[in-house]
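A.B. asks: Below is a structure I'd like to ask you about.
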There are 4 protein chains.
Amino acid sequence: MNKQEQGLTIAGKTYRSRLLVGSGKYRDLEQTREATEASGAEIITVAIRRVNIGQDPNAPSLLDVVPPTKYTILPNTAGCYNAEDAVYTLQLARELLNGHKLVKLEVLGNEKTLFPNMPETLKAAEILVKDGFDVMVYCSDDPVQAKMLEDIGCAAIMPLASLIGSGMGILNPWNLSLIIEQSSVPVIVDAGVGTASDAAIAMELGCDGILMNTAIAGAKDPIRMARAMKLAVEAGREAFLAGRIPRKFAASPSSPMAGRIA
Amino acid sequence: MNKQEQGLTIAGKTYRSRLLVGSGKYRDLEQTREATEASGAEIITVAIRRVNIGQDPNAPSLLDVVPPTKYTILPNTAGCYNAEDAVYTLQLARELLNGHKLVKLEVLGNEKTLFPNMPETLKAAEILVKDGFDVMVYCSDDPVQAKMLEDIGCAAIMPLASLIGSGMGILNPWNLSLIIEQSSVPVIVDAGVGTASDAAIAMELGCDGILMNTAIAGAKDPIRMARAMKLAVEAGREAFLAGRIPRKFAASPSSPMAGRIA
Amino acid sequence: MNKQEQGLTIAGKTYRSRLLVGSGKYRDLEQTREATEASGAEIITVAIRRVNIGQDPNAPSLLDVVPPTKYTILPNTAGCYNAEDAVYTLQLARELLNGHKLVKLEVLGNEKTLFPNMPETLKAAEILVKDGFDVMVYCSDDPVQAKMLEDIGCAAIMPLASLIGSGMGILNPWNLSLIIEQSSVPVIVDAGVGTASDAAIAMELGCDGILMNTAIAGAKDPIRMARAMKLAVEAGREAFLAGRIPRKFAASPSSPMAGRIA
Amino acid sequence: MNKQEQGLTIAGKTYRSRLLVGSGKYRDLEQTREATEASGAEIITVAIRRVNIGQDPNAPSLLDVVPPTKYTILPNTAGCYNAEDAVYTLQLARELLNGHKLVKLEVLGNEKTLFPNMPETLKAAEILVKDGFDVMVYCSDDPVQAKMLEDIGCAAIMPLASLIGSGMGILNPWNLSLIIEQSSVPVIVDAGVGTASDAAIAMELGCDGILMNTAIAGAKDPIRMARAMKLAVEAGREAFLAGRIPRKFAASPSSPMAGRIA
């Protein structure tokens, strides 16, 4: 397990914030900017196939509001359904971002559920790592395949907590625990978080970070939810490090019985 | 439901912090002081039958480290098993604290579980309210009896989330929701919180505040857990006010499909 | 805990079936008869204020399809909101049923939730027990008040699993366990069961029986659901007596590693 | 979804029982025989690498107590960690069982968790289907890879509910639901069931059957637990077909308010 107390180190760079955010689904670029700032995130992920970061030089670019000088831009392959498309998309991103190596690989297996296609994910991860990328990888919560991705050389393992955009929270904390226990690279929950307590739960399990988009962008007040998520990730991390009391069914007085005065 | 955005108002006084803490179970008074400070709490509860706040003028007093000039001291009746003892204990506290009216009533029904004795709680609440006290009241999560306590004139309803000291979290969020929905005085979860996410969950349900002791004092690092709880209460409150996305089982892309570029 | 292996004994009479059923909400009396038969229940409860068992001599009577010669009729006080009404209703029932002593007391506290009014329930139980009734009592899952009802002399404790008609299942198995552990009269889950697994869970916790109505009468196919519930109650009881394997997070081979052949 | 009302049809043969059992972990062959009989199972699975069904002609054979004339013997590859070993093991089984085609493939990925190795499972499934086997396949609860296994031509999809031998029940009913919804071959929960209610829950989700071993063999009274599981599988199936009431948080009276008499 990766217990980096001092911050989240991915591919050699250390970040103070353990909250990573997406850039989609906001009302406009101004709201994107404000929410990203409120979240305290230092890494912001961008769907290369959907968001303009320079592909169209005549349209407004996301980079105007989340500048690469301030944020680490994490290109992702949302919308790719096979290894080939995903690899091609990230090679395109590398060009657009002047040789940027840190990427998020996601190869989807189903248009309705957006569940990952693990065989194509493993294939793409292998190609990208050999091609010199630092690969953060969206995956199922299967601990055996998570280990394969780590062995391939991925920079971070990013299991889903529940389906993308579902807001259903951490459906299987047991599998997540197995992945956290076995991994020596950061484990970052990607997808499924719905509200602040979900983020806290993930961090309390020992995750190194959380990536989210819909939970913030889809909230009634996205700026406020961004702030809630920032606090929740810190709360969960602190609670993990503080060492919680054990759950026990037998009750005990909250004060020692000894030393009664009145 | 009590949706005071600007702070937690109890018996006419408004507090910025929605986290209330106990003073028992710490290693020593210095740790009590540090953890209380880290928690950001403004109200600290004291078991009058166990903790010295002046009953014994020759022993160290809790008030030396949590001075009434800085904190609102909330005397409680931990260890009382009938209405008579509870009423007597709070009358004693009133004298010790120079006419202080804000108190926490708890009448226990079982030495092993510390579950409340609701008939005696109702009886004591009635006497105390008539006697001029502002009564915050520990109770079961029974919405009908919670309403009776409010009708009697209690200043805050404090249902248990799970057994005192158990750290089992929010066992029945449904009952808690019924109480929150019907109450026009603050609802403060008292007992059962084990870690930061439990606190966030309670606040996301719409509670007005949380009181805890064991979860902080019993953690491996109480100061750090106090900080975690401060953050978690704020995170949960912000998430409640921000309006979370609905849970949905069907997945949706986290970015709009329209506007594809690559 | 009441571990009667040979059947469910209430007020001195032993029943083979541990499933008790209500008689409301069916399409017609014929469906009531069929579902009751399919459930294998021997005790059927009747809302005296709503169902004709002779109050109106000119209308069809429930007793025509569930004859007292074959079933134990259990009059209940559904619809009563105070002790006085409940006591009066059961005295009326006793007359209608020729001195029948076994009754189910339920005093409701809220028209929307149908949550019990525990103070009025305690009051009515006391009067009825003194008046010679064998009182089975619907109550909250508060272990302290459940013990008070047992001490008053009730014949069976009937905590809700969740709100009447909600189908939400066993919301707080912990409180239920405390009640089961402490009781020397039968504990029968009343209200909240939605489907077969809920019934199995209740029995696995060590309940002595389950009473339900909506889960059967409201199913798409009530006769089939009655059969499902019969099987589920038996399954849960057998599993309780068989002694389940412990839950453990570390996996173990389902066959011993020793003795490998191939 | 496969809604075969009349029984469970696998590879063209129909079984009345939807409970499949393992043959490991029993005290002795006599207990194996009794528990298998009590379970009502018609399919019994055998770990070819561990259990003698003729490999050693001088040792007692399992087939003496569970004769192939009465039961369908389902050879499995428990203990295999790659496709090659699994394929070889089942080819050996086919010889021992005179050309028997129905097999259960399981390729494990981790000795501690016994979680499946999905890439090797997919590879082995492809080879076995081409070689003429009817392949029932143990797999993770990943709906995308489950679909791949179906497309390869597997005869039944057997996702784990939780780790083998863990008794933790259905950890992720959502993934299971996705698999059930998309599959046109039977979906049989394999691994993780701990007690009767777990089996009922799986069947209520719409599974076509359940395979278990430890939950029965490891119970204090395996024969009684076998009976409990038989009843629970039937209860869950009946409840699924009967159509449960919806869960709803607002309560409703269990009898119509109209038609009050008293």
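The values are calculated or read from the model by the stated rules, or taken from the named source; none is laboratory data. A quick note: this is a predicted structure, and the numbers were derived from the prediction, not measured. Glycine gets a Cβ as well: all are built from the backbone with ideal geometry, and neighbour counts include every protein chain shown. Just the protein is used for accessible areas: all its heavy atoms, side chains included, with ligands, DNA and RNA removed. Shrake-Rupley method; radii C 1.70, N 1.55, O 1.52, S 1.80 Å.
A.B. asks: So what are the ³J(HN,Hα) numbers for the stretch D:71-81, from phi and the Karplus equation (6.51, -1.76, 1.60; θ = phi - 60°), rounded to whole Hz, Gly and Pro as x?
C.D. replies: 10, 7, 7, 10, x, 10, 10, 3, x, 8, 10
A.B. asks: Another question, if that's okay. What do you get when you divide the Cα radius of gyration of the stretch D:1-75 by 2.2 N^0.38 Å, with N the number of residues? Please report the intermediate quantities before stating the final value.
C.D. replies: Working: Rg = 13.4 Å, N = 75, 2.2 N^0.38 = 11.3 Å.
My calculation over the Cα atoms of the stretch D:1-75 gives 1.18.
A.B. asks: Are there any GluC sites (Glu not before Pro) in the stretch A:1-77 that are in a DSSP loop and have at most 10 other Cβ atoms within 10 Å? List them by number. Mind showing how you got there, number by number?
C.D. replies: Details: sites: A:Glu5, A:Glu30, A:Glu34, A:Glu37, A:Glu42; in loops: A:Glu5, A:Glu42.
Passing both the DSSP loop test and the Cβ count: A:Glu5.
A.B. asks: Going by amide H atoms built from the backbone, whose H comes under 5 Å of the H on A:Leu211, apart from near neighbours?
C.D. replies: The answer is A:Leu20, A:Val189, A:Asp190, A:Ala191.
A.B. asks: How large is ³J(HN,Hα), in whole Hz, for each residue of the stretch A:135-143 in order, when computed from phi with the Karplus curve 6.51 cos²θ - 1.76 cosθ + 1.60 and θ = phi - 60°, using x for Gly and Pro?
C.D. replies: 9, 8, 10, 5, 8, 6, 9, 7, x
A.B. asks: Out of every Cα-Cα pair in the stretch C:40-180, what percent are more than 24 Å apart? Mind showing how you got there, number by number?
C.D. replies: Values: 3047 of 9870 pairs.
In whole percent, the share of Cα-Cα pairs in the stretch C:40-180 beyond 24 Å is 31.
A.B. asks: When Lys and Arg each count +1 and Asp and Glu each count -1, what net charge do the other residues less than 10 Å away from C:Leu163, Cβ to Cβ, add up to?
C.D. replies: Details: positive: C:Lys112, D:Lys248; negative: none.
Its environment carries a net charge of +2.
A.B. asks: On to the next question. Could you compute the FRET efficiency for B:Lys112 and B:Tyr15, with r as their C-beta to C-beta distance and R0 at 35 Å, rounded to 0.05?
C.D. replies: So, using R0 = 35 Å, E works out to roughly 0.55.
A.B. asks: Still on this structure, I have one more. Considering only protein heavy atoms, what per residue accessible area in square angstrom results for the protein assembly as shown with a 1.4 angstrom probe? Write down the numbers at each step before the final one.
C.D. replies: On the way: 36030 Å² over 1048 residues.
Accessible area per residue, the protein assembly as shown: 34 Å².
A.B. asks: Name the residues whose placed amide hydrogens come within less than 5 Å of the amide hydrogen of A:Asp141, ignoring near sequence neighbours (fewer than 5 apart) on the same chain.
C.D. replies: A:Leu160
A.B. asks: Quick one: 3J(HN,Hα) in Hz for the stretch C:50-60, Karplus 6.51/-1.76/1.60 with θ = phi - 60°, rounded, Gly and Pro as x.
C.D. replies: Once rounded to whole Hz, the list reads 10, 10, 7, 10, x, 4, 10, x, 9, 9, x.
A.B. asks: Report, in degrees rounded to the nearest 10, the 0 to 90 angle that the Cα long axis of helix A:29-39 makes with the longest principal axis of chain A.
C.D. replies: 30
A.B. asks: Another question, then. Just to be sure I follow: if Rg is taken over the C-alpha atoms of the protein assembly as shown and Rh is the Kirkwood radius over the same atoms, what is Rg/Rh? Before the final figure, lay out the partial values.
C.D. replies: Values: Rg = 30.7 Å, Rh = 31.0 Å.
For the protein assembly as shown, the value is 0.99.
A.B. asks: Let me ask something else. Partner chain Cβ atoms within 10 Å, averaged over the residues of A:189-196 - can you pull that number for me?
C.D. replies: Counting other chains' Cβ atoms within 10 Å and averaging over A:189-196 gives 5.
A.B. asks: What is the ratio of the Cα radius of gyration of the stretch B:54-129 to 2.2 N^0.38 Å, with N the residue count, to two decimals?
C.D. replies: Numbers: Rg = 13.5 Å, N = 76, 2.2 N^0.38 = 11.4 Å.
Ratio of Cα Rg to 2.2 N^0.38 Å: 1.18.
A.B. asks: Let me ask you something else. Measuring from a point 7 Å out along Cα→Cβ, what nm distances, shortest first, does B:Thr14 have to its partners in the other copies?
C.D. replies: Between copies, matching label points for B:Thr14 lie 4.2, 6.8, 7.3 nm apart.
A.B. asks: Another question about this same structure. Taking a temperature of 20 °C and a viscosity of 1.002 mPa s, what whole-number D in µm²/s does Stokes-Einstein yield for chain B with Rh from Kirkwood over alpha carbon pairs?
C.D. replies: Numbers: Rh = 18.9 Å.
This corresponds to a translational diffusion coefficient of 114 µm²/s.
A.B. asks: Expected output is a single nm value to one decimal: the length gained when fully extending between D:Lys220 and D:Glu30, i.e. 0.36 nm times separation in residues minus the C-alpha distance. What is it?
C.D. replies: Working: separation 190, 0.36 × 190 = 68.40 nm, distance 1.60 nm.
Taking D:Lys220 through D:Glu30 to full extension adds about 66.8 nm, to one decimal.
A.B. asks: Continuing with the same structure: Could you work out, residue by residue across C:157-167, how many beta carbons of other chains sit within 10 Å of that residue's beta carbon, and then give the average as an integer? Can you show the working numbers first?
C.D. replies: Numbers: counts 0, 0, 0, 1, 0, 6, 9, 5, 8, 9, 6.
If you average over the peptide's residues, the count of other-chain Cβ atoms is 4.
A.B. asks: Run the reach check for B:Lys70 against aspartates and glutamates, Cα to Cα strictly under 18 Å, same-chain hits fewer than 8 apart removed. What comes back?
C.D. replies: Correct list for B:Lys70: B:Glu30, B:Glu34, B:Glu37, B:Glu42.
A.B. asks: If one takes the accessible area of chain D alone plus chain C alone and subtracts that of the pair, with a 1.4 Å probe, what total in Å², rounded to the nearest 100, results?
C.D. replies: Working: alone 12870 and 12850 Å², together 20050 Å².
Approximately 5700 Å² gets buried when D meets C.
A.B. asks: How far is helix C:118-130 tilted, in degrees, relative to the longest principal axis of the Cα atoms in chain C, given as a value from 0 to 90 rounded to the nearest 10?
C.D. replies: Value to nearest ten degrees: 70.
A.B. asks: Taking the Cα centre as origin and putting +1 on Lys and Arg beta-carbons and -1 on Asp and Glu beta-carbons, what dipole magnitude results for the stretch C:17-242, to the nearest 20 debye? Intermediate results must be reported in sequence, preceding the final value.
C.D. replies: Working: 19 positive and 28 negative charges, 85 e Å.
The dipole of the stretch C:17-242 has a size of about 400 debye.
A.B. asks: For a paramagnetic label modelled at 7 Å from the Cα of C:Asn98 toward its Cβ, which residues of the stretch C:51-65 fall within the zone defined by backbone nitrogen distances under 18 Å?
C.D. replies: C:53-57, C:61-65
A.B. asks: Can you list residues from other chains, or at least 5 along the same chain, whose modelled amide H is less than 5 Å from the amide H of A:Val51?
C.D. replies: B:Ile261
A.B. asks: For n ≥ 4 DSSP H runs only, could you compute -39500 (n - 2.57) per run for the protein assembly as shown, divide by its residues and tell me the 222 nm figure to the nearest 500? List each step's numbers first, then the result.
C.D. replies: Working: 32 runs with 368 residues, N = 1048.
Roughly -11000 deg cm²/dmol at 222 nm, from the helical runs in the protein assembly as shown.
A.B. asks: In nm, one decimal, shortest first: how far is the label point of C:Asp28 (7 Å from Cα along Cα to beta carbon) from the matching points in the other copies?
C.D. replies: Nearest to farthest, the other copies are at 6.0, 6.5, 8.3 nm.
A.B. asks: Here is a further query. Helix A:173-182 against the longest principal axis of chain A: what's the angle in degrees, Cα atoms only, rounded to the nearest 10?
C.D. replies: That works out to roughly 80 degrees.
A.B. asks: Too long at a 30 Å Cα-Cα cut-off: which of B:Lys13/B:Lys230; A:Lys104/C:Lys248; B:Lys101/B:Lys147?
C.D. replies: Working: B:Lys13/B:Lys230 20 Å; A:Lys104/C:Lys248 35 Å; B:Lys101/B:Lys147 22 Å.
Exceeds cut-off: A:Lys104/C:Lys248.
A.B. asks: What is the sum of charges, Lys and Arg at +1 and Asp and Glu at -1, for the other residues whose Cβ falls under 10 Å from the Cβ of D:Asp141?
C.D. replies: On the way: positive: none; negative: A:Asp141, A:Asp142, D:Asp142.
With Lys, Arg at +1 and Asp, Glu at -1, the neighbours total -3.
A.B. asks: As an exercise, use a Förster radius of 35 Å and the Cβ-Cβ distance of B:Lys70 and A:Lys70 to find the FRET efficiency, rounded to the nearest 0.05. Before the final figure, lay out the partial values.
C.D. replies: Values: r = 39 Å, r/R0 = 1.12.
Efficiency, from the Cβ-Cβ distance: 0.35.
A.B. asks: Over chain B, what is the mean sequence separation of C-alpha contacts under 8 Å (at least six apart), divided by residue count, expressed as relative contact order in percent?
C.D. replies: Numbers: 518 pairs, mean separation 50.0, N = 262.
For chain B, the relative contact order is 19 percent.
A.B. asks: Follow-up. Net charge near B:Met212, counting Lys/Arg +1 and Asp/Glu -1 over other residues with Cβ under 10 Å of its Cβ?
C.D. replies: Working: positive: none; negative: B:Asp190, B:Asp198.
After counting each charged neighbour, the total is -2.
A.B. asks: So what's the gap between the Cα centers of the stretch B:197-252 and the stretch D:71-114, to the nearest angstrom?
C.D. replies: 48
A.B. asks: Sorted from shortest, what are the nm distances separating the label point of C:Gly153 from equivalent points in the other copies, each placed 7 Å from Cα along Cα to C-beta?
C.D. replies: 3.8, 7.6, 8.3
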